[in-house]
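Structure, as structure tokens:
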Amino acid sequence: MGESGAQSWPEIGVVVCTRGDRPEMIRETIKGITEQDYPGRVTTMIVFDGSEPDASLASDDAARPVRLTTNARTRGLPGARNSGILALGDAVTWVGFCDDDDTWLPTKLTAQIEAVREHPDATFCTVGSQIVHADWTRHIHLEKARVPFADLLDGRQPAMHPSGFLGRRDALTGTAIGLFSEVIPKGYGEDYEMLLRAAKSAPIVHVADPHLLVRMHAQSHFAGRWDVIAEALQWLLDRYPEIRTSRRGFSRLAGQVAFTRVAVGRRGEALRWALRAFLTDPREVRSYGVAAVAVLRLSPTWVVRTMEARGLGAP
């Protein structure tokens, strides 16, 4: 493992945001963090967003303390994550993030710190995961040790899940990267936006092996909120005009916007966006999905579930 002893390993803080409605899952999440084989100190900060802290989750363990706080910033996931980052304090060198329904494998932090040590300029690191569905389990591969900004213009990388994010705290609280965006509409796509910003600072270090279990639920927080999704996607296109230089990236976002429009019955607008997606890159499957919903009158929800079941990602 290279250097030994807790003193040679940087202190890590972990931010877990919750609304307090998944008590059993969050206990499993905390267990996965506190049982890391990482030799250094790991502090878990549970951030309650819109609910009262559950004091039974706290722990004063010297090497693996669990602390509680509330979201003191904008309501929602970005503000809650930022509250956690700031509450951890300056003693923490790296900050990890985990959703309250996902689980870290014991090797996760050690693998990531060993990886970033090989790149002195590293400010952000991600890790492979096992996606756990009710009917299947899948490891989504990304065989790259470093992911530059240009690669992320092609679109969100499913292998770079936010429960595997690890960022230098001074980069997150300073100008190198910055905190999570609290102005992106309703917080939709804040993880992808963070990756774009982090990769501008320095190529993101990626550990390909899976050290994380991600639960895929039947319905996400944004399921059916088509107007919110459309607004956030167009915000991303305005905030990162570089996406338009990527055929794959622009066609993907255009296809997503098209799908949100057809889902609310705005067929003309949907077909215009779908045509943009198709003309930019005919391989963009969402343009075909939009045509199917618009012409064949298929259920948008059925199309979403069908695409997810085939590992194509949600429209």
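What follows draws every value from the coordinates through simple rules; no lab data is involved. All figures in this text were calculated on a predicted structure; none of them were measured in a lab. A quick note on method: Cβ atoms are made from the backbone with ideal geometry, for glycine too, and the neighbour counts reach across all protein chains shown.
Quick rundown of the values:
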read-out	value
The range 144-258 shape via C-alpha gyration tensor axes, a/c threshold 1.5	rounded
Virtual spin-label span in nm between Lys31 and Thr245, 7 Å along Cα→Cβ	4.8 nm
Pair Val285, Thr137: separation of 7 Å Cα→Cβ label points (nm)	2.3 nm
From phi via Karplus (6.51, -1.76, 1.60), per-residue ³J(HN,Hα) for the range 40-52 in Hz, x at Gly/Pro	x, 6, 10, 9, 9, 10, 8, 10, 8, 10, x, 8, 6
Residue with peak Gaussian network fluctuation, the chain [Cα springs, cutoff 10 Å], from Glu118, Glu269, Glu284	Glu118
Rough spin-label spacing in nm, given labels placed 7 Å along Cα→Cβ, for Arg146 and Val228	3.8 nm
The range 34-51 residues near the modelled Glu114 label - backbone nitrogen below 12 Å, point 7 Å along Cα→Cβ	37-39
Global form of the range 6-215, assessed from the alpha-carbon gyration tensor, a/c cut-off 1.5	rounded
Contour minus Cα-Cα distance for Thr70 and Ala58 (0.36 nm per residue)	3.0 nm
Rel. contact order, % - alpha carbon contacts under 8 angstrom, at least six apart, the chain	15 percent
Ascending count of other beta-carbon atoms within 10 Å, so fewest first, for Asp209, Asp191	Asp209, Asp191
